[in-house]
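Novice: Attaching a single structure in structure tokens format; questions to follow.
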Amino acid sequence: MSKIIALAGKGGVGKTTVASLVLRYLSKNGCSPVLAVDADPNSNLGETLGMEVVKTVGDIREDFMKDPQGVPSGMDKIVYLEMLMNQVLMERKEFDLLVMGRQEGQGCYCMVNNILNRFSEELEKNYKYLLVDNEAGMEHLSRRTSGKVDMLILVSDYALRGLRAVGRINEMLGSLKLTVSRVGLVVNRAPAVLGKAFLDEAEKIGVQILCTIPNDDILLEFDMERKSLLDLPDDSPAVIAVDGLMEKILRTIGEK
């Protein structure tokens with residue numbers, strides 16, 4: 001059974017950047033194979049990894065709903081959808097990437113979603129780690145029938161709005177059909193010393209701060225030049241911070 005590490009936070013706090021650095025650590029430290037799932041409708045995990053995403057799971061779902069009878073003659077619908085899912089799985093040496101893409105349009109998607117979810121969960125059994133970059137509403141994780149997350153990383157920037165969004169996500173966990181073993185907070189683009197107001201708010205929402213990630217000019221340089229964050233140098237301040245975070249997490253979930 002794969003270990004599941006998920007990330008969530010409001011838009012704009014650098015959650016996908018953190019997810020990319022987590023994947024960088026897993027890929028370079030003998031933790032393969034990894035399945036990275038971009039479950040944020042604003043899909044840009046592939047872009048930060050230097051990968052061009054041509055088609056998503058959402059595209060499969062929409063195309064099928066437009067023409068449910070378009071299944072090739074003699075082929076079962078389940079087999080057909082699973083074949084299409086295999087086609088959108090982007091494979092690399094150390095990890096694979098599955099992009100969920102857009103949310104549903106109008107109509108009943110129950111049958112299609114059930115098939116896609118079942119395929120996803122069967123697929124995950126082939127990997128040592130599952131890394132999920134979520135939207136704030138945790139929609140993808142809440143649909144999982146296994147309902148298990150080993151580590152949920154809540155990401156905020158150094159702003160009370162980001163921190164309060166983390167608090168709302170944390171409160172929401174109780175209403176989801178999820179078993180989240182551990183939850184922790186990562187503060188992105190953080191100063192060397194966190195201010196009292198920020199620390200007081202963090203204490204109020206009751207989530208432990210696992211690490212802080214400083215501003216890192218190399219990240220901006222890579223973004224402007226469209227370089228993969230997987231190729232960041234080892235001495236990047238953000239890489240050092242996330243590598244330390246992952247050492248701590250893997251010890252916590254019993255992997256080190």
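The values are calculated or read from the model by the stated rules, or taken from the named source; none is laboratory data. The shown structure was predicted, so the numbers you read here are calculated from the model rather than taken from an experiment. Virtual Cβ from ideal backbone geometry, glycine too; neighbours counted across all protein chains shown.
Residue-by-condition table, conditions (1) in contact with an Asp or Glu (Cβ under 9 Å, 6 or more places away or on another chain); (2) at pLDDT below 95; (3) surrounded by fewer than 19 Cβ atoms within 10 Å (Cβ to Cβ):
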site	(1), (2), (3)
Leu176	no, yes, yes
Leu185	no, no, no
Ala190	yes, no, no
Leu194	no, no, yes
Gly206	no, yes, yes
Leu210	no, no, no
Ile213	no, no, no
Asp216	no, no, no
Leu220	no, yes, yes
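Novice: Could you go through region 98-105 and let me know if any residue there is farther than 16 Å from Ile5 by Cβ, surrounded by 14 or more Cβ atoms within 10 Å (Cβ to Cβ), of a type in the set (A, V, I, L, M, F, W, C) and modelled with pLDDT of 90 or more.
Specialist: yes
Novice: Of all residues in region 38-66, how many are buried (at least 16 other Cβ atoms within 10 Å of the Cβ) and either of a type in the set (Gly, Ala, Ser) or touching a Pro at 6+ places or on another chain (Cβ under 7 Å) (or both)?
Specialist: Result for region 38-66: 4.
Novice: Anything in region 128-155 that is at pLDDT 80 or above and surrounded by fewer than 19 Cβ atoms within 10 Å (Cβ to Cβ)? List them, or say none.
Specialist: Residues satisfying the conditions are Lys128, Lys148.
Novice: Now a separate question. Look at region 159-208 and say how many of its residues are in a loop (DSSP other than H, G, I, E, B), touching a strand residue (DSSP E or B) at 6+ places or on another chain (Cβ under 8 Å) and among the charged types (D, E, K, R).
Specialist: Final tally of qualifying residues: 1.
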